[in-house]
Amino acid sequence: MDQIVIHGGKPLRGTVEVSGFKNAALPILFATVLTNDVCIIGNLPAISDVKLSFDILRAMGLRIDQLDKTTYRIDSRGATYGKSPDHLVEKMRGSIYIIGAELGRFGNASAGNCGGCNFGQRPIDQHLKAFRALGATVEECEDGRLNAWADQLVGKVIAFDVVSVGATVNAILASVMAEGMTVLENAAHEPHIVDLANFLNACGASISGAGTDVIKIRGVSSLHGCTYDIIPDMIEAGTYMVAAAVTGGKIEITNVIPKHLESIAAKLREMGVSVEEGDESVTVTGGDSLHGIHVKTMPYPGFPTDMHPQMSVLLCVADGISYMTENIFEHRFAYVEQLRSMGASISIDDRVATIQGGNRLLAANVRAVDLRAGAAMILAGLVARGKTVVSEIGYVRRGYDNIVGKLRALGADITDIDTED
Ligand code: EPZ
């Protein structure tokens, strides 16, 4: 597994451009299967989850050609169902969108057990509830394989028991060409749901209400290709916002949609961090004395769970006691043990971490235990004086485009050591 070596203690200064959003790219890439046509998708991030999606889609019969650094031509006219390779599917949670896409296009779907970062159970009951409500028969095999089929998918009112990004995505994919109207209640509001709806509407779908908790999908007979750019990655942006705050530097973060960052900006301002908004940028300046706060993760537009580990690093160095309450995933605290090895004082009671601030983090050898935990370890290494080595950095490559290059350009002393050789 390769490593990243950081010599911390330097304030980061300069400008960084955010790449396209991983969690918008994955649904949209699998949604191209529905079009039976050619799509040109731009602003795709150079991350391993996108490369993995390409490998899976090519195995499903799609032709994918790179047009420039971030733009790809995706031809789904040769797509089939049930051909996604299990050994690829199991690497990524986003693979579950194969089922919604194949069901929506072919009325037939089959895929192996999908993977994903391990923070507790990753149930799929709401996905299956949506497929079955639309009239599909769904078979859950012992080995985690899912088979689903329907003579005709028919629109229904589907009230989710839990606000789920993935289940909302899959319900949209499966219903976009179903007969009649589908209404999703208690749907996820995230910007990537809106991005998916905008992409599908550009392909001829009829979706309204995305971004609210009631989404209406009027089934259409077919979809056509389109040209579409993925929205910027709000979590990558938030990670660089915290990088400015935690190192006491000043970073202008460009190619962002400030509205998507409002909950992150609000919590940083509450701590005493300066956040200035531009039309498509935010500029964050770390202060000398930041004070501790209580952060609670919530579905959008609340504070995103995917910013939880990164924010905890900042809370470690702020003055006073802070609290981090994780309301989305039951086990998102795996990063805490790694932070403790850097001198952090954190106690956990159920879903609440109590963080004793005012700590100087110490350089250490740590591991990326999941994608966002890995980003948090890098942030901790940037602020800890001395040499920090972050291992198992493959997790970070799943969701961060050129993080070493971007941080180095901001003045970080950071090196990517590929220990595979
Ligand atoms: C998506 O995961 C993201 N992944 C996650 O980002 C993100 O943390 C999460 O949404 C929440 O925003 C992708 O978009 C590929 P959920 P997803 O279904 O869809 C429960 C990252 O770091 N639930 O919204 O799997 C579930 O247990 C990754 O980029 C059910 O109970 O998340 C959780 O408690 C990590 N039944 C809550 O809902 C279901 O059928 C939210 O999960 C589905 C989910």
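Readers should treat all values here as calculations from the given coordinates under stated rules, not as data from a laboratory. This structure is a prediction, so every number in the text was calculated from the model and none was measured. Note that we place each Cβ from the backbone using ideal geometry, even for glycine, and neighbour counts take in every protein chain shown.
Greater than 18 Å separation of Cα atoms is the criterion. Which listed pairs, K69/K259; K267/K296; K156/K216; K22/K216; K22/K83; K51/K406, meet it? Intermediate values should be presented prior to the final figure.
Working: K69/K259 27 Å; K267/K296 10 Å; K156/K216 10 Å; K22/K216 25 Å; K22/K83 23 Å; K51/K406 20 Å.
The answer is K69/K259; K22/K216; K22/K83; K51/K406.
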Neighbour-count order for F160, F54, F131, F303, fewest beta carbons within 10 angstrom listed first: F54, F160, F303, F131
Of all DSSP beta bridges with both partners in the chain, the antiparallel percent, nearest 5, is 70 percent
What are the residues whose amide H is under 5 Å from the amide H of G8, where those residues sit 5 or more places off or on another chain and H is modelled from the backbone? G386, T388
With a point put 7 Å past each Cα toward its Cβ, work out how far N108 is from K387 in nm, to one decimal. 5.8 nm
Among DSSP bridges having both ends in the range 22-229, what percentage is antiparallel? Round to the nearest 5. 75 percent
The range 126-140 and the range 196-217 have their Cα centres apart by a whole-number Å value of 20 Å
Quote the charge dipole size of the chain about the Cα centre in Debye, to the nearest 20; the model charges only the Cβ of Lys and Arg (+1) and of Asp and Glu (-1). 240 debye
Packing-based ranking, highest mean first, of 221-229, 180-188 given that Cβ atoms within 10 Å are counted: 180-188, 221-229
Cβ-based exposure ranking for E140, E236, E326, in which fewest neighbours within 10 Å come first: E140, E326, E236
Efficiency of FRET between S345 and E277 - r from beta-carbon atoms, R0 56 angstrom, step 0.05: 0.95
Compute the length gained on full extension between S208 and D319: take 0.36 nm times their separation in residues and subtract their Cα-Cα distance, giving the result in nm to one decimal. 35.4 nm
Given 0.36 nm per residue, what is the gain on full extension from S289 to D86 after removing their alpha carbon distance, in nm? 68.1 nm
Report the paramagnetic label zone for T137: residues of the range 149-188 whose backbone N is under 17 Å from a point 7 Å from Cα along the Cα-to-Cβ axis. 149-154
What is the distance, in nm, between label points placed 7 Å from the Cα along the Cα-to-Cβ direction at R73 and at Q121? 4.7 nm
Order of D349, D213, D65 under a 10 Å beta carbon neighbour criterion, fewest first: D349, D65, D213
Report the full-extension gain for the segment N201 to D65: residue separation times 0.36 nm, less the Cα-Cα distance, to one decimal in nm. 46.6 nm
Charge sum, other residues only, whose C-beta stays under 10 Å from V5's C-beta, Lys/Arg counted +1 and Asp/Glu -1: -1
Just to confirm my numbers, what's the Cα centroid distance between the range 1-56 and the range 318-388 in Å? 25 Å
In the neighbourhood of A375 defined by beta carbon distances under 10 Å, the net charge of the other residues (Lys, Arg +1; Asp, Glu -1) is -2
